[in-house]
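Since the structure comes first, as structure tokens, the remarks are kept for the end.
The values are calculated or read from the model by the stated rules, or taken from the named source; none is laboratory data. As the structure is a computational prediction, the values presented were derived from the model and not from experiment. Note that each Cβ is placed from the backbone with ideal geometry, even for glycine, and that neighbours are counted across all protein chains shown. The area values use the complete protein model at the heavy-atom level, side chains included, leaving out ligands, DNA and RNA. Shrake-Rupley method; radii C 1.70, N 1.55, O 1.52, S 1.80 Å.
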Amino acid sequence: MNPTLSVIENRRTVRNYSANPLTEAEKEAIVHAAMRAPTAGNLMLYTILEIEDQTLKDQLAVSCDHQPFIAKAPYLLLFAADYQRQYDYYKYCNVEALCQERGISPRPPQEGEMFLACCDALIAAQNAVIAAESMGIGSCYIGDILENYEFHRDLLKLPPYVLPITLVCFGRPAVEKTEKRLVPRYDRQFVVYKDAYHSLSGAEFNEMMRPAAEHNLPDLPLQDAVKTLGERVYFRKFVSDFSTEMTRSCREILKNWQQ
Ligand SMILES: Cc1cc2nc3c(=O)[nH]c(=O)nc-3n(C[C@H](O)[C@H](O)[C@H](O)COP(=O)(O)O)c2cc1C
């Protein structure tokens with residue numbers, strides 16, 4: 001395995017950080033790696049906010065579904081999908097006048113640009129995560145930044161076409177890596193198909209979930225254990241309070257972008 005594959009293979013999410021801060025050179029390397037990520041049309045449709053103010057960190061730890069470790073992250077980056085900068089640039093270039101000349105109606109950023117900007121921001125974030133990992137710095141994505149959109153918008157002064165798509169905590173692991181195993185993934189056969197999508201059968205779900213079922217509920221027959229695990233995730237994640245808030249907040253993001 002080459003060194004890059006080895007970094008990818010051995011990465012795991014780190015939520016417990018040593019107080020030892022990152023050096024300026026390490027921070028710079030992480031941000032630089034993010035900015036070297038592929039980007040649609042080479043437009044870099046994202047903004048990275050370095051969250052340094054402890055009060056902001058404390059507020060985010062609460063607003064992102066009460067995850068106190070966010071406040072303790074030595075380095076915290078918000079990746080925002082950003083079409084505002086590009087749109088402002090178009091305006092600066094007075095494209096509206098050219099549109100009039102050509103008989104075209106000018107338009108604001110729309111849903112297509114929103115999805116593309118989200119792709120850009122997330123790809124940049126993952127480059128940052130891998131770069132950090134290669135330097136022995138752990139990380140954790142915070143998906144709950146999708147909640148409480150209005151609060152985050154006001155807190156971080158985000159203009160209309162900038163949406164917070166992910167937050168990433170970085171820090172040196174407080175506990176030696178060898179003490180924790182990697183989190184297993186579904187087997188490849190349930191995730192990778194050739195040429196067309198494949199919907200799974202009951203038997204395939206049983207097979208897919210077998211390792212988790214045997215690990216978590218060893219005394220139950222396989223099918224019962226698989227069903228119980230599905231019920232647990234459904235109630236903990238899918239119909240939980242945080243998912244209700246996430247949907248409400250994302251609808252606000254969409255409304256805001258579509259105005
Ligand atoms: C989009 C996304 C959102 C996530 N949000 C959170 C989060 O809010 N809090 C958290 O502790 N972990 C979060 N994680 C980390 C996942 O829980 C973690 O990646 C998963 O359990 C697999 O573990 P591993 O990364 O160690 O392989 C998130 C990961 C992703 C990709």
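Evaluating 6.51 cos²θ - 1.76 cosθ + 1.60 at θ = phi - 60° for every residue in the stretch 62-70, the Karplus couplings come out as 8, 5, 8, 6, 6, 10, x, 5, 4 Hz, glycine and proline recorded as x.
Which order do you get for 197, 89, 141 if you rank them by accessible area with a 1.4 Å probe, largest at the top?
Values: 197 185, 89 120, 141 85 Å².
Ranked from most to least accessible, the order is 197, 89, 141.
Amide H to amide H distances under 5 Å link residue 46 with 82, where only residues 5 or more positions off or on other chains count and H is placed in the peptide plane. When the chain is treated as a Gaussian network with alpha carbon springs shorter than 10 Å, the biggest mean-square fluctuation among 113, 26, 231 belongs to 231. Of 183, 129, 162, the residue with the greatest mean-square motion in the GNM of the chain, using alpha carbon springs below 10 Å, is 183. Counted residue by residue at 0.36 nm each, then reduced by the alpha carbon distance between them, the extension gain from residue 181 to residue 240 reaches 18.5 nm.
Considering only 192, 168, 31, the mean-square fluctuation computed in a Gaussian network model of the chain, springs between alpha carbons under 10 angstrom, is largest for 192. Since only 217, 166, 95 are under comparison, the one whose Cα sits farthest along the positive direction of the charge dipole of the chain, derived from C-beta charges on Lys, Arg, Asp and Glu, is 217. Applying the Karplus relation 6.51 cos²θ - 1.76 cosθ + 1.60 with θ = phi - 60° to the stretch 234-241 yields 3J(HN,Hα) values of 4, 7, 6, 10, 7, 10, 7, 4 Hz, where x marks Gly and Pro.
Using only helices, what value at 222 nm comes out for the chain when you add -39,500 (n - 2.57) per DSSP H run of length 4 or more and divide by the total residues, to the nearest 500 deg cm²/dmol?
Numbers: 11 runs with 127 residues, N = 259.
Per the formula, -15000 deg cm²/dmol.
Can you give me the relative contact order of the chain as a percent, contacts being Cα pairs under 8 Å and 6 or more apart? Averaging sequence separation for qualifying contacts and normalising by length gives 26 percent for the chain. Quick one: angle between helix 222-233 and the longest Cα principal axis of the chain, in degrees between 0 and 90, rounded to 10, please. Rounded to the nearest ten degrees, it is 30.
Using alpha carbons only, how many angstrom separate the centre of the stretch 2-23 from the centre of the stretch 67-109? Each part reduced to its Cα centre gives a spacing of 31 Å.
The residues of the stretch 109-149 have, on average, 33 Å² of accessible surface per residue, using a 1.4 Å probe with all protein chains present. Dividing the convex hull volume of the alpha carbon atoms of the stretch 102-259 by its residue count gives 213 Å³ per residue. Taken one residue at a time, the phi angles of the stretch 144-152 give Karplus couplings (6.51, -1.76, 1.60, θ = phi - 60°) of 5, 5, 6, 7, 6, 3, 4, 5, 5 Hz. Gly and Pro are set to x. Taking 28 Å as the cut-off for C-alpha to C-alpha distance, list the pairs among 27/255; 157/255; 194/237; 72/157; 57/91; 72/237 that go past it. From the list (27/255; 157/255; 194/237; 72/157; 57/91; 72/237), the Cα-Cα distance tops 28 Å for 27/255; 194/237; 57/91.
The overall shape of the stretch 159-221 is oblate: from the C-alpha gyration tensor, with semi-axes ordered a ≥ b ≥ c, the ratio a/c is 1.5 or greater and a/b is no larger than b/c.
When the accessible area of the chain is split by element with a 1.4 Å probe, what percent falls to carbon and sulfur?
On the way: 8770 of 15840 Å².
It is 55 percent, rounded to a whole number.
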